[in-house]
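To start, the structure under review is shown below, and the notes come after it.
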Amino acid sequence: MKKIQQLAIIGSTASGKTSLAIKTAKKIDAHILSLDSLSIYKEIDIVSAKPTPQERDGIMHYGIDYIYPDENFDVTTFITLYHDILQLCKMEKKNLVIVGGTSFYLKMLLEGVSSLPSIGKETQEETKKYLLDLEKSYRWLYTLDPLYMSKIQSNDSYRIEKVLNIYLETKQTPTTYFKAFPPTPTITTPLPIYQIEWEREVLRQRIALRTQMMVEDGLIDEICILEKKYTRRPNCMKAIGIKETLAYLDGLYSKEEMIAKITTNTSRLAKRQKTFNQSQFDTVVKGSVEALEKLLLS
């Protein structure tokens, strides 16, 4: 078993992470683990901007085309994926490049997550009853644990369900429970992190161009097929690029307005991603695509 070399490439959406990751993986003989909350889905191809089989250039990608749009996932999915690919890399004597715009998952790999209790059938049934009145349940949980619940939106049914399960099963608030079961880091060795940076206006132009290309490549047809097959209920159907296209199909936007909305909302996402990356990772090598490519490929 060899000690594998690992590194991470992060950056805002449309910053060029995928291309740089593939070039780097070819240079250091590595597999790629994608940390992306939309590329993980099968059949969501154009709107996720996942690399095509041709663009992957023979490099094995994990975390792409992993689940179907009507299946749920959370950070533990990526932790499981990481363990699986790490073992595979050791067996095949490959290195590992971690890449993605959803840097929250990278943060959780580095800091860890707490193990959750096993939820019994009775608790599951009780939780379902509480979820019938989400707002009332949120207010109740807030009185029990204001510190934890202040981080959750009152309409976030997924996370509220998790809190209900913990409290009803253990009779402990999340704050108390997670103090008793602190997180365990998944990545325990130093991980070099490289962050791609662009001027804000230049990145917006890249986003606008990519949005236009998505439409030309069949974005609207892809969303029509997804809606017909999976309805609008899955969480992924609320993602940027999908929700605006659905609004266009409903007659709320013209095609030009749809493109403008996707561009604007994606640009706002890029700003949030940059803010998150700057605040959450301490030791990061930052630079343009050209600078980082020269550094990683030389």
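The values are calculated or read from the model by the stated rules, or taken from the named source; none is laboratory data. Model, not experiment: these values are computed from the prediction. Reconstructed Cβ throughout: ideal geometry from the backbone, glycine too, with neighbour counts over all protein chains shown.
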Quiz item: If you go through the stretch 217-230 one residue at a time, do you hit one that is in a helix (DSSP H, G or I), within 21 Å of residue 106 (Cα to Cα) and at pLDDT 95 or above?
Solution: no
Quiz item: From the list 15, 37, 19, which one is under 14 Å from residue 236 (Cα atoms) and small (Gly, Ala, Ser)?
Solution: 37
Practice problem: Report yes if residue 175 is exposed (fewer than 15 other Cβ atoms within 10 Å of the Cβ) and in a loop (DSSP other than H, G, I, E, B), otherwise no. | Solution: no
Quiz prompt | Search result, residues across the stretch 261-298 that are free of Cβ contacts under 8 Å to residues at least 12 places away in the same chain and surrounded by fewer than 16 Cβ atoms within 10 Å (Cβ to Cβ) | solution = 268, 272, 275, 278, 279, 282, 290, 291, 294, 298
Quiz item: Of all residues in the stretch 182-200, which are closer than 27 Å to residue 114 by Cα and among the β-branched types (Val, Ile, Thr)?
Solution: 184, 186, 187, 188, 189, 193
Practice problem: State whether the residues of the stretch 243-255 include one that is at pLDDT 95 or above, of a type in the set (Val, Ile, Thr) and either touching a strand residue (DSSP E or B) at 6+ places or on another chain (Cβ under 8 Å) or not assigned by TED's automatic domain parsing to the domain that holds residue 105 (or both). | Solution: yes
Quiz item: Which pairs do you get when a residue that is within 19 Å of residue 72 (Cβ to Cβ), found in the stretch 219-244, comes within reach of a residue that is of a type in the set (Phe, Trp, Tyr) and surrounded by fewer than 20 Cβ atoms within 10 Å (Cβ to Cβ), reach meaning Cβ atoms under 7 angstrom, with the pair 6+ apart or on two chains?
Solution: 237/230
Practice problem: Filter the stretch 143-156 for residues that are within 23 Å of residue 235 (Cβ to Cβ) and out of contact with any Leu (no Cβ under 6 Å at 6 or more places or on another chain) and give the result. | Solution: 148, 150, 151, 152, 153, 154, 155, 156
Quiz item: Could you say which residue among 79, 85 is assigned by TED's automatic domain parsing to the domain that holds residue 108, modelled with pLDDT under 95, over 23 Å from residue 230 (Cα atoms) and not basic (Lys, Arg)?
Solution: 79
Self-check item: The lone exception for residue 258 - which of (1) surrounded by fewer than 19 Cβ atoms within 10 Å (Cβ to Cβ); (2) not assigned by TED's automatic domain parsing to the domain that holds residue 26 it fails
Solution: (1)
Quiz item: Among the residues of the stretch 139-162 satisfying the criterion of being surrounded by 14 or more Cβ atoms within 10 Å (Cβ to Cβ) and more than 25 Å from the chain's Cα centre (by Cα), which is farthest from residue 178 (Cα to Cα)?
Solution: 140
Practice problem: Being touching a residue at least 60 places away in the same chain (Cβ under 8 Å), closer than 21 Å to residue 9 by Cα, of a type in the set (A, V, I, L, M, F, W, C) and touching a Leu at 6+ places or on another chain (Cβ under 6 Å) narrows it down to one of 86, 106, so name that one. | Solution: 106
